[in-house]
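Reading through the structure tokens given below for one structure.
The values are calculated or read from the model by the stated rules, or taken from the named source; none is laboratory data. Because the structure is a prediction, the values reported are computed rather than measured. Here the Cβ is made from the backbone with ideal geometry for all residues, glycine too, and neighbour counts use every protein chain on show.
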């Protein structure tokens, strides 16, 4: 069962997106589902990144925010728009158009692209990530193996993937998941496929509502879910928790944003539910490392061990040499889940892969500074890449800078991510340090601030909107 809850009127596309992807992977291997012309992908000209950068045959699935920018619009809010970029044909209900048996074209699962996703990479504007069939299948197996009994035991395992002595026991029999992962996100696709692979029922939400969450947990006896820290905070502090029975939840897994030890302790004290941490990125399909339930007892601020068959090197940023266990350096990765590359972007590929993008033994440069101890536990130290994390979303600092520079009073700008002191959710907020031009210096600061806020907020999705001041006093007087 893969069921949509509390979103039938608002966001029907969330339930449909995995169905679209599977349908078109079956129907036409020459067309690639695009995940996603979503709120993430935008350019300085405010057009959806997908329609600009995915030029060959591709199925682009859009939700309401970007629907007005698609040809043939405007579309109604919440309507699923499936847009075929090859000939601008709109497919109204593609799942119902052709239900007969399809002769599936032969493909090379290691080389043929299955889906396009989006990521900021280590720097610059969002890029089109090419994930192969092999990438996705590999990461599903890696994820299920590491989650162990938090998913139902896979029914098919002729290759013995899950019968490994170092893995958690695959003893799940009555698991029931709840997903609040964005269905346009690589994580959403991963867990949709994993749920089907393991026959684990899953209820999906379009957006997080704490009361609806408690209602669903009690109604379906939900056992597990992936979350981001702000959701944990809402659940741990909401007075509604006393009204519902959430005893069925055995654990949470946090991802896509930094998780603090204080927040884990708060959730456990309030609800008695342990929280494991993890680490991933779209370029790795996306899971890289994940704590097991046994790791929680260690009380360390790591994100677990690398998932199976993933290799890592930790490189000193100054010397370019491998560091010793426990020392910090940039994380280089490779494994069966590593992306094919960025689409039509030789410059980005040259920066992302070492020694080069065509070397079969290449490593992917993560842009994250980490350490790995002698037992293989990975700890995130800092980021050297130009990406801000908010509620699990990636925000490209350079993308916001490009938008702010379009305001006529702005001479230059630098955007950074800052965590407010005492914020145990570890959410980063984009801060723009702005130098205004000479003509604008005589204007009141509040007026300048509001002008920039209005311009930026009209061109970015809600999670990139400013929640406070963006315009700061000039850093340099010229």
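Candidates are the residues of the stretch 399-423 that are within 22 Å of the chain's Cα centre (by Cα) and surrounded by fewer than 17 Cβ atoms within 10 Å (Cβ to Cβ); the one that is modelled with the lowest pLDDT is 423. Residue-level check: of (1) in contact with a strand residue (DSSP E or B) (Cβ under 8 Å, 6 or more places away or on another chain); (2) not in a strand (DSSP E or B), residue 207 misses just (1). Looking across the stretch 405-457, the residues that are in a strand (DSSP E or B) and over 28 Å from residue 228 (Cβ atoms) come down to 410, 411, 412, 434, 435, 436. Out of 378, 333, 400, one residue alone is assigned to a helix (DSSP H, G or I) and in contact (Cβ under 8 Å) with a residue 24 or more places away in the chain. It is 400.
Of the residues in the stretch 102-109, at least one is in a loop (DSSP other than H, G, I, E, B), surrounded by fewer than 11 Cβ atoms within 10 Å (Cβ to Cβ) and at pLDDT 65 or above.
Listed here are the residues, each with its yes/no results for (1) assigned by TED's automatic domain parsing to the domain that holds residue 427; (2) part of a loop (DSSP other than H, G, I, E, B); (3) touching a helix residue (DSSP H, G or I) at 6+ places or on another chain (Cβ under 8 Å); (4) modelled with pLDDT under 85.
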{"residue": "154", "(1), (2), (3), (4)": "no, yes, yes, no"}
{"residue": "175", "(1), (2), (3), (4)": "no, yes, yes, no"}
{"residue": "184", "(1), (2), (3), (4)": "no, yes, yes, yes"}
{"residue": "215", "(1), (2), (3), (4)": "no, no, no, no"}
{"residue": "241", "(1), (2), (3), (4)": "no, no, yes, no"}
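Would you check if there is a residue in the stretch 378-397 being over 25 Å from residue 301 (Cα atoms), modelled with pLDDT under 95 and buried (at least 20 other Cβ atoms within 10 Å of the Cβ)? Yes, because at least one residue in the stretch 378-397 is over 25 Å from residue 301 (Cα atoms), modelled with pLDDT under 95 and buried (at least 20 other Cβ atoms within 10 Å of the Cβ).
Among the residues of the stretch 424-463, which ones are modelled with pLDDT under 85, more than 30 Å from residue 255 (Cβ to Cβ) and within 31 Å of the chain's Cα centre (by Cα)? Correct list: 458 only.
Would you mind stating whether residue 172 is crowded, with 18+ Cβ neighbours inside 10 Å and within 21 Å of residue 115 (Cα to Cα)? So residue 172 fails the test.
For the stretch 217-239, a residue qualifies if it is under 18 Å from residue 147 (Cα atoms) and outside any loop (DSSP other than H, G, I, E, B), and the qualifying residues are 224, 225, 226, 227.
Inside the stretch 224-248, residues that are touching a strand residue (DSSP E or B) at 6+ places or on another chain (Cβ under 7 Å) and closer than 27 Å to residue 173 by Cα make up a count of 6. Being closer than 25 Å to residue 109 by Cβ, in contact (Cβ under 8 Å) with a residue 24 or more places away in the chain and in the same structural domain as residue 276 (by TED's automatic domain parsing): is that true of residue 188 here? Answer is yes for this residue. Being touching a helix residue (DSSP H, G or I) at 6+ places or on another chain (Cβ under 9 Å) and at positive phi holds for only one residue in 326, 341, and it is 341. The requirement of being in a loop (DSSP other than H, G, I, E, B) and more than 17 Å from residue 378 (Cβ to Cβ) is not satisfied by residue 347. Tallying residues that are over 24 Å from residue 330 (Cβ atoms) and buried (at least 22 other Cβ atoms within 10 Å of the Cβ) within the stretch 115-135 yields 3. Only residues that are modelled with pLDDT of 90 or more, part of a loop (DSSP other than H, G, I, E, B) and under 26 Å from the mean Cα position of the chain (by Cα) were counted in the stretch 245-273, giving 3. Answer with yes or no whether residue 201 is free of Cβ contacts under 8 Å to residues at least 24 places away in the same chain and at negative phi. So residue 201 fails the test.
For the stretch 301-321, enumerate the residues that are within 15 Å of residue 361 (Cβ to Cβ), surrounded by 14 or more Cβ atoms within 10 Å (Cβ to Cβ) and more than 20 Å from the chain's Cα centre (by Cα). Within the stretch 301-321, 312, 313 meet the criteria.
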